[in-house]
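Asker: One structure, as structure tokens, below. Some questions next.
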Amino acid sequence: MGEFKHYTVMKNEAVDALDCKDGLIYVDCTLGGGGHSELILQRISPNGKLIAFDVDDDAINAASERLKEYKNLTIVKNSYANIKEVLKELGIEKITGGILFDLGASYHQLTKAERGFSFSKDAPLDMRFNQDSDFSAYDVVNNYSENDLVRIFSEYGEERFSKRIAKAIVDRRKQKKLETTLELANLIVDCTPKIKSSIHPATRVFQAIRIEVNQELQNVKNTLNDVLDLLEIGAIMSVISFHSLEDRVVKQMFKYHSQRCHCEKNQMICNCPPPKLELVNKKPIMASKEEIKENFPSRSAKLRVAIRV
């Protein structure tokens, strides 16, 4: 399998926010390298329970080895989007302690060349978190209509040259399908204006395709709402996001469920149900300078925390 490289972002901040207590049930929605899970397990042992989700075999294998001493851990190979069904199967009615989301792709996924998340090395167009899935970046790039490509590049990549890039992809694939990350990256470089920027011209498009392949924003939106019914009163949600689109979903959902009233201004009597969440931090917690020095991608991480009320 090779070495599993993973840096646990805001490990202490995210787990401190959960206020872990022995004897309660916790969920780690993205096991990854097991850094957050290990810290949670240290704090809830011997009687607490941790359920950890991941769809990535590399992550599951590495974390299973790292955490093999803990008998109170259940690792589930499944998407956190299916949390309701999985907890029901495990006979768990309520998450009594808290839940942690560490969203987006892991360092291992982004840097392992053959996974096709990056254009730093040539690789097949893949980008699947779940290697068992039949749908990959290849399908998006070669089968989506020009309009759909424009839509995902604009919405998920906030790419200002979406139309130009989508047209170039469609023109190219009439002659020959795009197979690799470098083919796609070079095409984007060739069809967009040369501008001074610290980020590579293909960065936003690759992000957009990755989000589409893994249905990241839809999964976050659906799951955050599903989780509200699963959380016991007093249980805590701790969510780390890495780009503005994810953070916006989390922020809006937290804001909506922590408001006392959603009535129109001209409505005389309020019939709104009581809020389901209380915000712990109105502004997101950011990684420390020390952490950013050690792991530069941490600079974009934002942590939001709320309590079920």
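Asker: Using a 1.4 angstrom probe on the protein heavy atoms only, line up D171, D126, D16 by accessible area, largest first.
Answerer: Output order, biggest surface exposure first: D16, D171, D126.
Asker: Stretched out fully, how many nm does the piece from S145 to N78 gain, at 0.36 nm a residue minus the Cα gap?
Answerer: Extra length from S145 to N78 when fully extended: 21.1 nm.
Asker: Further question on the same structure: In square angstrom, rounded to the nearest 10, how much accessible surface does M253 have for a 1.4 Å probe?
Answerer: Per-residue accessible area (M253): approximately 20 Å².
Asker: Taking only DSSP H segments of four or more residues, each worth -39500 (n - 2.57), what value at 222 nm results for the chain once the sum is divided by all its residues, to the nearest 500 deg cm²/dmol?
Answerer: -12500 deg cm²/dmol
Asker: So if each residue of separation counts as 0.36 nm, and I subtract the Cα-Cα distance between E179 and L279, what length gain in nm does that give?
Answerer: Separation in residues times 0.36 nm, less the Cα-Cα distance, equals 31.5 nm.
Asker: Of I211, I25, which has the most accessible area with a 1.4 Å probe, and how do the rest follow in descending order?
Answerer: I25, I211
Asker: Now a separate question. Ignoring ligands, DNA and RNA, what percent of the 1.4 Å accessible area of the stretch 82-233 is carbon and sulfur?
Answerer: In the stretch 82-233, the share of accessible area belonging to carbon and sulfur is 47 percent.
Asker: Something else: Can you pull the one-decimal nm distance between simple spin-label points at M286 and C270, each 7 Å off the Cα toward Cβ?
Answerer: Between M286 and C270, the label points sit 3.3 nm apart.
Asker: Can you tell me which of H36, H257, H200 moves the most in a GNM of the chain? Springs connect C-alpha atoms under 10 Å apart.
Answerer: Its mean-square fluctuation being the largest, the pick is H200.
Asker: Follow-up. For the chain, what relative contact order do you get, as a whole percent, if you take Cα pairs closer than 8 Å and at least 6 residues apart?
Answerer: Here the relative contact order equals 18 percent.
Asker: Oh, and also: Distance cut-off 28 Å, Cα to Cα: go down the list K77/K221; K11/K282; K11/K163; K77/K255; K11/K276 and report the pairs above it.
Answerer: Exceeds cut-off: K11/K163; K77/K255.
Asker: Give me the tail of P(r) for the chain as a percent: Cα-Cα pairs with distance above 32 Å.
Answerer: Counting every Cα pair in the chain, those more than 32 Å apart make up 32 percent.
Asker: Next question, about the same structure. Mind giving me the nanometre distance, one decimal, between the label points for K196 and K293, set 7 Å out from Cα along Cα→Cβ?
Answerer: 2.9
Asker: Now a separate question. Using Cα pairs under 8 angstrom and six or more residues apart, how large is the relative contact order of the stretch 160-309, in percent?
Answerer: Normalised by residue count, the contact order of the stretch 160-309 is 23 percent.
Asker: Additional query: Rounded to the nearest 5, what is the percent of antiparallel bridges among the DSSP beta bridges in the chain?
Answerer: Beta bridges within the chain, antiparallel portion: roughly 40 percent.
Asker: Once R0 is set to 35 Å, what does the formula 1/(1 + (r/R0)^6) return for the Cβ-Cβ distance between H262 and E89, expressed as a FRET efficiency to the nearest 0.05?
Answerer: For R0 = 35 Å, the calculated efficiency reads 0.55.
Asker: So which aspartates and glutamates can K174 reach, going by Cα to Cα under 15 Å and dropping same-chain residues fewer than 8 places off?
Answerer: Straight-distance partners of K174: D139, E146, E183.
Asker: Connecting C-alpha atoms closer than 10 Å in a GNM of the chain, tell me which of I199, I83, I95 has the biggest fluctuation.
Answerer: Among I199, I83, I95, the largest GNM mean-square fluctuation belongs to I199.
Asker: Could you tell me the calculated FRET efficiency between D16 and R160, based on Cβ-Cβ distance and R0 = 41 angstrom, to the nearest 0.05?
Answerer: 0.60
Asker: Here's something else I'd like to know. Most fluctuating residue of N214, N147, N130 in a GNM of the chain with Cα springs under 10 Å: which is it?
Answerer: Taking springs between Cα atoms under 10 Å, the residue moving most is N147.
Asker: For the chain, with every protein chain kept in place, what is the accessible area per residue (1.4 Å probe, Å²)?
Answerer: 51
Asker: Which three semi-axes in whole Å describe the equivalent ellipsoid of the stretch 150-227, each the square root of 5 times a Cα gyration tensor eigenvalue, listed largest first?
Answerer: They are 26, 15, 11 Å, listed largest first.
The values are calculated or read from the model by the stated rules, or taken from the named source; none is laboratory data. Fair warning: this is a prediction, and the values are worked out from it, not measured in the lab. When we count neighbours, we look across all protein chains shown, and the Cβ atoms used for this are built from the backbone with ideal geometry, even at glycine. For accessibility, only protein heavy atoms count, side chains too; no ligands or nucleic acids. Shrake-Rupley method; radii C 1.70, N 1.55, O 1.52, S 1.80 Å.
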